[in-house]
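**Student:** Mind having a look at this structure? Questions to follow.
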Amino acid sequence: MKKIERIKIVIVIVGLMAFQFAGAQEKKKSVNPSEKKFTIENCVNEYSEEKSDVTESGHRFWFVDKEFIDGQTLKLSAVKPYGATHPPHKHVEDEFFFILEGKAKFYLDGKTKVVEAYTSLYCPANVEHGISNAGDTELKYLVIKKYLK
């Protein structure tokens, strides 16, 4: 991956996380800084396929798991060609997907659309949604979600 592409991805991640954090602050559920000590060691998490969880459809890597800060998460999912992590579903949390590589088929409330890299997808709470790999190369995308407590 070229250096400029990596920089673009970092900018997008930071922007999406800022949006997610801003929403959490609007709901007045911010984390008390005294509850957790933030350091360079726990605030920087570099992707490593070797440290990823193997799944039936490929692998996933948790940049931020729901235990890190107030249920907010950032995960990379990698899906084999023409595969899916799971069938369409719905849940009480809303979430965002951001396509990094490959071609994705996005399902939302009975309709589908095929999209490619650098596309964001929003899944409203309690609306059936799903994502699958619509191409013959690996699909990589970010999942940004805040789990409710």
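**Student:** Structure shown: which of Lys36/Lys113; Lys51/Lys111; Lys75/Lys113 lie over 29 Å apart, alpha-carbon to alpha-carbon?
**Tutor:** Over 29 Å apart, Cα to Cα: Lys36/Lys113; Lys51/Lys111.
**Student:** In debye to the nearest 20, how big a dipole does region 30-91 give about its Cα centre with +1 on each Lys and Arg Cβ and -1 on each Asp and Glu Cβ?
**Tutor:** Roughly 240 debye, rounded to the nearest 20.
**Student:** With N set to the residue count of region 27-139, report its C-alpha Rg divided by 2.2 N^0.38 Å to two decimal places.
**Tutor:** 1.19
**Student:** Given labels modelled 7 Å from the Cα in the Cβ direction, how far is it in nm from Asn126 to His89?
**Tutor:** Modelled inter-label distance: 1.9 nm.
**Student:** Further, regarding this structure: Can you list which of the GluC sites (Glu not before Pro) found in region 58-112 are DSSP loop residues with at most 12 other C-beta atoms within 10 Å? The partial results should precede the final answer.
**Tutor:** Numbers: sites: Glu67, Glu93, Glu95, Glu101; in loops: Glu67, Glu93.
Within region 58-112, the qualifying GluC sites (Glu not before Pro) (loop, at most 12 other Cβ atoms within 10 Å) are Glu67.
**Student:** Another question about this same structure. Over its Cα atoms, what ratio of radius of gyration to 2.2 N^0.38 Å does region 41-101 give?
**Tutor:** Expressed relative to 2.2 N^0.38 Å, the Cα Rg reads 1.22.
**Student:** Too long at a 20 Å Cα-Cα cut-off: which of Lys66/Lys103; Lys90/Lys149; Lys105/Lys140?
**Tutor:** Distance filter (> 20 Å) returns Lys66/Lys103.
No value in this document is a laboratory result; all are computed from the given coordinates. Please read these numbers as outputs of a predicted model, since none were measured by experiment. Note that we place each Cβ from the backbone using ideal geometry, even for glycine, and neighbour counts take in every protein chain shown.
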